[in-house]
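Notes to accompany the following structure.
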Amino acid sequence: NCQESHEQVLRMKRATYGPKAKNVDVANTLHNLATVKKAMRDLVGAQGLYQEALGMKKIVYGSDARNSDIGRTIVGLALVKLHLFNLHGARRVCEQCSSFAPDAKGTAVKG
């Protein structure tokens, strides 16, 4: 199934890069697995994976970076928090992306 495929890809990437590696490739795989878990209604599992992906992306891009890659993970995490009725948590997550609007290349454009 789709979840097993994404989990296998994540295991392979962690075996390739190392279990503690922090890079965009692993972060995007975490994001994709979180999206699958969200679709399967495993919201707690999805939340943890989105948080891990977001943390990794902030390490790779910088904690103040603003781009569409980080933005889509923030949106995924916020939606999961909403589905879990964590409105305060969803708002806090959304506040992370309210100060930028990415252009077509993913570059931040200050509003």
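Values quoted throughout were computed directly from the atomic coordinates according to the rules given, and no laboratory measurement underlies them. Owing to the predicted nature of the structure, the values given are computational and were not obtained by experimental measurement.
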Fully extended contour minus Cα-Cα distance, from Met12 to Arg41, at 0.36 nm per residue:
7.9 nm
Can you give the Rg to Rh ratio of segment 16-75, both from alpha-carbon atoms, with Rh computed by the Kirkwood formula?
0.97
Which log10 I(q)/I(0) values does the chain give at q = 0.12, 0.13, 0.15, 0.22 Å⁻¹ under the Debye formula, counting every alpha carbon as one identical point scatterer?
-0.42, -0.49, -0.64, -1.20
